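Here, each number is a calculation from the coordinates, and none is a lab measurement. Since the structure is predicted, the reported quantities are computational estimates derived from the model, not experimental observations. Cβ placement follows ideal geometry from the backbone for every residue including glycine, while neighbour counts extend to all protein chains displayed.
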Amino acid sequence: MTDQEGANAVPHPYSGKLIIVEGIDGSGKSTQLLLLHKWLESKGHKVFFTEWNSSDLVKDTTKRGKKTKSLTPTTFSLLHATDFASRLYHQILPPLKAGMLVLADRYMYTAFARDVVRGVSRDWVRKMYDFAIKPDMAFYYKVPIEVAISRLLRGTRGQFKYYEAGMDMNLSPDVTESFRLFQTQILAEYDKIVDEFGLLTMDATQDIETQQEYMRTLVEEALRGYKPRRGTYGRRTLFWRRFDVPKSE
Amino acid sequence: MVDARYFGDGLTYLNPSDLKGKLIAVEGTDGVGRSTHIEMLQEWLEVQGYGVITTGWTRSNLMSKTIEMAKAGNILDRWSLSLLYATDFADRLEHQIIPALRSGFVVLADRYIYTAFARDFVRSGDRKWIRDVFGFALIPDLVCYLRIDVETLALRVIETTGMNYWESGMDLRLGTDLYDSFKKYQSLLIEEFDKMAEEFHFNVVDARKSPEEIQEELRGHILPVLQNHKRTAGVEHVPV
């Protein structure tokens, strides 16, 4: 491992496919991934879905850190890497090795953008994620900041998330203004990442259907030659549950 | 810590140059007597008038509960385990160690990053990643390594706390029972500590000696570091 490039820079050796989406809150990336998920399932694929910052272990800790306002840029970054490592090992790798499709809502590029804006070293965070595997397809949903804000304000969510708005960084007491300042920096960081890692930039200002049609075209092309693998034709949605992190009491 | 330095890519938002205190790490494998000696060192230093704080592995406010929970699950992979330790360490570094050093305290660290290096290496065979991850750590002014052989260690642990799952490295399946696993795991750790002792110039103390002798040796290593510290405080007017 010492002299070669990190695992996150070379194609993975597994027979499954990993498709990820990136973008700021309000870019519509989760909607697009959901629609892709539906479509892939309708075509008979068995699809596994995983999202950023979702293990109970890390959720509880971030909550505790928020309550006591004790998270620093470094501990914030490390916690998310821990969560990612755990999901990679327990949720992403087994289906990939078994030759299945895995969809991830946000991937290591989220950390590269967000943690660097929070103030950690660009090199350090990349080296830390050296264990990650390179996705087969990575979409970046690019959106102007004002579009994202207006979507979030009139959307179903109705408010900004604390960390997404960078409220821990004391940029502005006003949550919308804080979101604007923080996410504008993140957008600039994403622009660099797109070039560095070759993400596919999607125009997230277009209609949902138009974007989805284009995404499906690209995925269909990428999956040409991929043979879907299924162990069973029955519905066994709980199969991977046994690899989950146990819930806290 | 006059020329405080980071181990690798440091905390870009924190300048370590104004850290007046001294950072002293005591390393060594499980059950070797680190905590006992640190307690005695603290007492000794405080009697001499030094402000002392101690900091221990997995004792951060942020992470101690999380790590307990994770260990109870027994399902940790190599990366998560090491990253949990790193998070705990970072929390203590930024909230305890650096503020204390800034105020001129002597910080006694019960284990330091080298413990994480040894544990990760034993699980992965790779030294680079874990060292990159801990790039934000401060290089200590002094590292004392309590060295013991695995035979003596096994006896000592059985006589005192008993062997547990993690200290025996049971997640690695190195042996069929706790005892075999403990010995194999701990000898791998000791082997790696020995290598690091040369690489990072640890002060090696033979932990098989009597507690009094060990304490004496530790104090002998620490004194020059503190005196050096006092001298540098008034060094400006001394002609070369």
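Odds and ends about this structure:
- For the range B:58-132: rounded, prolate or oblate by the Cα gyration tensor [a/c cutoff 1.5]: oblate
- Label-point separation in nm, B:Arg219 to A:Asp60, each point 7 Å along Cα→Cβ: 4.4 nm
- Peptide A:115-121, shielding by other chains (average Cβ, 10 Å cutoff): 3
- Take the Cα radius of gyration of the protein assembly as shown and divide it by 2.2 N^0.38 Å, N being the number of residues; the result is 1.09.
- Diffusion constant of chain B at 20 °C, which comes from Stokes-Einstein with the Kirkwood Cα-pair radius and 1.002 mPa s, µm²/s: 114 µm²/s
- Within a straight-line Cα-Cα reach of under 22 Å, A:Lys43 can be paired with the following lysines, leaving aside sequence neighbours fewer than 8 residues apart in one chain: A:Lys17, A:Lys29, A:Lys97, A:Lys227.
- Coupling constants for the range A:72-82 follow from the phi torsions by the Karplus curve (6.51 cos²θ - 1.76 cosθ + 1.60, θ = phi - 60°), and in residue order they are 9, x, 6, 5, 4, 5, 5, 4, 5, 5, 5 Hz; glycine and proline get x.
- For chain A, alpha-carbon Rg over 2.2 N^0.38 Å: 1.01
- Here the Karplus relation 6.51 cos²θ - 1.76 cosθ + 1.60, evaluated at θ = phi - 60°, turns the backbone of the range A:105-117 into coupling constants of 8, 6, 9, 4, 5, 4, 5, 4, 7, 6, 5, 5, 5 Hz, with x for every Gly and Pro.
- Ordering of B:171-184, A:64-77, B:85-98 by packing [mean C-beta count within 10 Å, highest first]: B:85-98, A:64-77, B:171-184
- The GNM of chain A, with springs linking C-alpha atoms under 10 angstrom apart, assigns the highest mean-square fluctuation among A:Tyr190, A:Tyr89, A:Tyr140 to A:Tyr89.
- If you model the range B:110-210 as an ellipsoid using its alpha carbon gyration tensor, with each semi-axis the square root of five times an eigenvalue, the axes come out at 23, 18, 11 Å, biggest first.
- Shape call, the range A:127-220: gyration tensor on alpha carbons, a/c limit 1.5: oblate
- Eligible lysines near B:Lys20 by straight Cα distance, threshold 25 Å, same-chain separation 8 or greater: B:Lys230
- Taking A:Leu33, A:Leu78, A:Leu153 as the candidate residues, the one with maximal mean-square fluctuation in a Gaussian network model of chain A, Cα springs under 10 Å, is A:Leu153.
- Each residue of the range B:139-150 is assigned a 3J(HN,Hα), and the resulting list reads 6, x, 6, 7, 10, 9, 10, 7, 9, 9, 8, 5 Hz, derived from the Karplus form 6.51 cos²θ - 1.76 cosθ + 1.60 (θ = phi - 60°), x at Gly and Pro.
- Close amide H contacts of A:Thr201 (hydrogens built in the peptide plane, cut-off under 5 Å, sequence separation of 5 or more or a different chain): A:Tyr140.
- With each label modelled as a point 7 angstrom along the Cα→C-beta vector, the A:Glu220-B:Val47 pair spans 8.3 nm.
- Taking a straight line from the alpha carbon of B:Lys184, these aspartates and glutamates sit under 17 Å away, with near neighbours fewer than eight places off in the same chain left out: B:Asp30, B:Asp120, B:Asp149, B:Glu151, B:Glu167, B:Asp171, B:Glu192, B:Asp194.
- Candidates B:Ala207, B:Ala118, B:Ala70, ranked by Gaussian network fluctuation over chain B, Cα under 10 Å, top entry: B:Ala70
- Legend: calculated FRET efficiency, B:Asp177 to B:Asp206, from the Cβ-Cβ distance at R0 = 22 Å, rounded to 0.05, equals 0.15.
- Highest average packing first - A:194-206, B:99-111, Cβ atoms within 10 Å: B:99-111, A:194-206
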